[in-house]
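Take a look at the structure set out below.
Read-outs: derived from the displayed coordinates by stated rules, not from any lab. Here the structure is a predicted model, which is why all the values come from computation and not from measurement.
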Amino acid sequence: MIYLSRIFFRTAYYLIPILSCIYTNISAQSPDTEYIAQAIEKLRIVMMNPDSVVLANLASDDLEYVHSSGTVRDKKGFINEFMKRQTNVTNVVFSNQTIKLSGDMAIVRHRMVADARNPGYPPLIDIIVMMVWKKENGDWKLLARQAAKLPAK
């Protein structure tokens with residue numbers, strides 16, 4: 001019985017600090033991090049169901065939006081691309097997302113998988129994306145986005 005108590009207390013001694021760190025990291029998101037996550041979710045939805053007002057509200061006037069092909073769009077081009085269905089995607093999923101705050105900037109990385117209906121392009125998009133969000137007049141705006149093909153295995 002004394003042996004089991006020692007094991008329990010030793011395990012608890014090491015496990016409780018680890019679990020509290022994990023819980024703190026999961027539950028202690030800042031309001032800015034939560035706002036950015038919500039904005040990214042709006043972006044994901046509007047990519048599938050384009051709305052020029054939502055796209056304009058998410059994007060900074062200084063937006064640089066770069067595709068994995070190297071095509072670069074400014075804010076106007078970004079909005080037009082979705083509204084004219086030049087980028088026509090469904091079932092967009094973002095995974096492995098990280099959000100790192102640095103003052104009034106945030107770096108977001110994730111993997112994006114989507115079904116595509118773009119003539120001349122594969123029917124499945126599977127890329128990695130890095131975005132920079134900037135706090136402008138109290139709102140977080142997409143300032144830059146760079147997509148890249150997945151590294152060869």
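For the reader, a short list of remarks on this structure follows.
- Sequence-separation-based contact order of region 30-149, relative, with Cα cut under 8 Å and 6+ spacing, percent: 25
- Pairs beyond 22 Å (Cα-Cα), from K42/K76; K100/K135; K100/K153: K100/K153
- Under 19 Å of direct C-alpha separation, and excluding same-chain neighbours fewer than eight residues apart, K134 reaches these aspartates and glutamates: D32, E34, E41, D61, D62, E64, D74, D104.
- Prolate/oblate/rounded call for region 30-149, Cα gyration tensor, a/c under 1.5 rounded: prolate
- Potential lengthening between I128 and K149 on full extension [0.36 nm per residue; Cα-Cα distance subtracted]: 6.9 nm
- Whole-Hz Karplus values for region 138-153 come out as x, 10, 7, 10, 6, 9, 8, 9, 10, 9, 8, 5, 5, x, 5, 7 Hz, taken residue by residue from phi with 6.51 cos²θ - 1.76 cosθ + 1.60 and θ = phi - 60°; glycine and proline positions read x.
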